[in-house]
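Chemist: Quick one: this structure, given as structure tokens, is what I'll be asking you about.
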Amino acid sequence: MVLLASAFDQSKFMNAGDFPQEKALRIKGVTVETMPSRSSGQEQKPVLWFTNHKKGLVLNKTNNRTIRGAYGDDMETWAGKIVVVYPTQAEMGGKLVPALRVRIPPPKQAVAGNGQPSKSKGAEEALKTFAAPPVQEVLPPEPKPSLEDDLDDEINF
């Protein structure tokens with residue numbers, strides 16, 4: 001058996017380096033974990049676990065509010081719901097650092113077996129609806145009366 005030092009450097013939690021691009025994930029459940037904190041030493045944080053990813057996502061306030069706004073305050077009801085995790089930059093300590101954010105996929109968006117968003121027939125129909133405005137028939141303007149008809153009025157003095 002080979003004992004590798006790098007095997008002990010792995011986290012059970014996600015970080016921005018785990019996601020070169022966005023990925024749709026299905027929530028398996030939520031746990032509460034004790035995490036280190038700069039101000040108080042330790043604090044309790046919710047962690048999302050997924051059916052299609054082995055690492056958990058520690059929820060910061062921003063991600064917590066995004067999910068809570070879409071799926072409600074009761075975290076036990078989040079199981080089975082889908083979130084899209086994507087890499088970005090966030091300010092921390094006056095510096096921009098790599099970060100993970102979540103967004104809620106559109107309701108009609110289906111997810112393929114590989115965890116990537118895919119278009120459903122409903123989404124394709126919606127795209128067709130908004131692709132181009134309907135063509136309206138253009139009618140030619142009505143002809144103007146001739147100048148002779150306009151000057152042929154009798155004026156009584």
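Chemist: Taking H placed 1.01 Å from N in the peptide plane, check which residues at least 5 places from M14 or on another chain put their amide H under 5 Å from its amide H.
Modeler: G56, L57, V58
Chemist: Please state the equivalent ellipsoid semi-axes for region 11-124: what are the square roots of 5 times the Cα gyration tensor eigenvalues, largest first, in whole Å?
Modeler: Taking √(5λ) for each Cα gyration eigenvalue gives 25, 17, 13 Å.
Every number here is computed from the coordinates shown, using simple stated rules; none is lab data. Model, not experiment: these values are computed from the prediction.
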